[in-house]
Amino acid sequence: MKYFFRTICMIAMLTIYLPTQAQFKLGAKAGLNVCNVNYADFEGFDTKWRPSFHVGATAEYGLSESFALQFGLMYTRKGYTVTVSELTEMEGVPFQADVKIKTNLNYLEIPIQAVYKINKLQIYAGPYVAFGMGGKAKANLSVSSPLVPDVADELGSETTLRPVFGKYDPKDVPENEGVYNALDIGLNVGVGYEFGPVLVNAGYSLGLSKIAPKSIEDQVNPDDKNNHKNSVFTASVSYFFLRR
């Protein structure tokens, strides 16, 4: 939790030291996430983009006509989908096995970004820090055979994902539970356009922190490919209901 309190203190200090004549705006923000992981080889399988969402509060300090500072507090859901299809054979009979795993990772995110304005157009960039709020992984297995139509089955399972800071002990993780890195740090870039009190944004969030945490049993392995990170395209609408 020390990272959370440090971030809150940094925002408070920025609020105190910004010029008193700066224009302040406060509003609500919501939008669409299209998320994946930015490492293509996920344990030998390809991952797929999937839709999700974000919602929360946003604020802006106008430092001049051309420059501003924006930050917010967002509940955002990231994740990915893994789909695997494999043709196997059992006692000479071919079987088709299809596996689909959907992973949802929930975060409380604090973005801080610098904004350059050209009339109504905005260009922004800056860091974000996010703290895990739990998640789920849903797996569906479908088995069928073209030679034996009556042999077909579907199985489903759900795993609860728990955020952890630092290293974890695998002995403390139940069989029906998984873990992910509670701290997600990254960069936001994007563009926006103002329509009066409404701001429309489109952007991209590049995660710099690994999703998978390290266990106390981990050894240094230069060939380890378990280094996938969040990758999210966003589209959002903000409405500023307070201006001063």
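The values are calculated or read from the model by the stated rules, or taken from the named source; none is laboratory data. Predicted model, so just to flag it, every value in this text is computed and none were measured. Note that we place each Cβ from the backbone using ideal geometry, even for glycine, and neighbour counts take in every protein chain shown.
Which residue out of Glu194, Glu175, Glu158, Glu217 is over 22 Å from Val55 (Cβ atoms) and either part of a strand (DSSP E or B) or modelled with pLDDT of 90 or more (or both)?
Of Glu194, Glu175, Glu158, Glu217, the one residue that is over 22 Å from Val55 (Cβ atoms) and either part of a strand (DSSP E or B) or modelled with pLDDT of 90 or more (or both) is Glu158.
With respect to Val82, is the statement that it is touching a strand residue (DSSP E or B) at 6+ places or on another chain (Cβ under 8 Å), at pLDDT 95 or above and surrounded by 18 or more Cβ atoms within 10 Å (Cβ to Cβ) true?
Judged against the criteria, Val82 is not a match.
Hey, could you check segment 21-64 for residues that are within 20 Å of the chain's Cα centre (by Cα) and not in a strand (DSSP E or B) and say which is modelled with the lowest pLDDT?
Applying the filter and picking the extreme gives Ala40.
Restricting attention to segment 160-169, and to residues there that are within 21 Å of Ala139 (Cα to Cα), touching an Asp or Glu at 6+ places or on another chain (Cβ under 9 Å) and of a type outside the set (Lys, Arg), which single residue is surrounded by the most Cβ atoms within 10 Å (Cβ to Cβ)?
By that ranking, first place goes to Leu161.
Please name all residue pairs, on different chains or six or more residues apart, with Cβ atoms under 7 Å, provided the first residue is in segment 186-199 and is in contact (Cβ under 8 Å) with a residue 60 or more places away in the chain and closer than 25 Å to Pro127 by Cβ and the second residue is surrounded by fewer than 13 Cβ atoms within 10 Å (Cβ to Cβ) and of a type in the set (D, E, K, R).
Tyr193/Lys120; Glu194/Lys120
Keeping to segment 47-67, report how many residues are in contact with a Pro (Cβ under 8 Å, 6 or more places away or on another chain) and within 22 Å of Gly31 (Cβ to Cβ).
Residues flagged as in contact with a Pro (Cβ under 8 Å, 6 or more places away or on another chain) and within 22 Å of Gly31 (Cβ to Cβ) within segment 47-67 amount to 0.
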